[in-house]
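The values are calculated or read from the model by the stated rules, or taken from the named source; none is laboratory data. Predicted, not measured: the structure shown is a model, and the values here were computed from it. Cβ placement follows ideal geometry from the backbone for every residue including glycine, while neighbour counts extend to all protein chains displayed. Heavy atoms of the whole protein, side chains included, go into the accessibility calculation; ligands, DNA and RNA do not. Shrake-Rupley method; radii C 1.70, N 1.55, O 1.52, S 1.80 Å.
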Amino acid sequence: MCEGKSAQEIAMILGCSVYTVRTHIGRLKDEFNVYKDTALIAAAFRNRIID
């Protein structure tokens, strides 16, 4: 996501369905209590999950 890839592109890279990718993104948003993809990426940076 932080590289600008769509859910479909991520699914192709990981070899899973788009539904699976969207489910994981949704659960991460719930975990970090955010609603937008950009807010999720920002939260991941703040928590040093990605750099």
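Just in the chain: which GluC sites (Glu not before Pro) are loop by DSSP and have at most 14 other Cβ atoms within 10 Å?
Sparse-neighbourhood loop GluC sites (Glu not before Pro): Glu3.
Could you work out how much longer the chain between Thr20 and Arg46 gets when fully extended? Use 0.36 nm per residue separation minus the Cα distance between them, nm to one decimal.
So the chain would gain 6.9 nm between Thr20 and Arg46.
Where only protein heavy atoms count, and the probe is 1.4 Å, what is the accessible area per residue for the chain in Å²?
82
How about segment 8-43: which trypsin sites (Lys or Arg not before Pro) there are in a DSSP loop, with at most 13 other Cβ atoms within 10 Å of their Cβ?
Sparse-neighbourhood loop trypsin sites (Lys or Arg not before Pro): Lys36.
On the accessible surface of the chain, probed at 1.4 Å, how many percent belong to carbon and sulfur atoms?
Its accessible area is 52 percent carbon and sulfur atoms.
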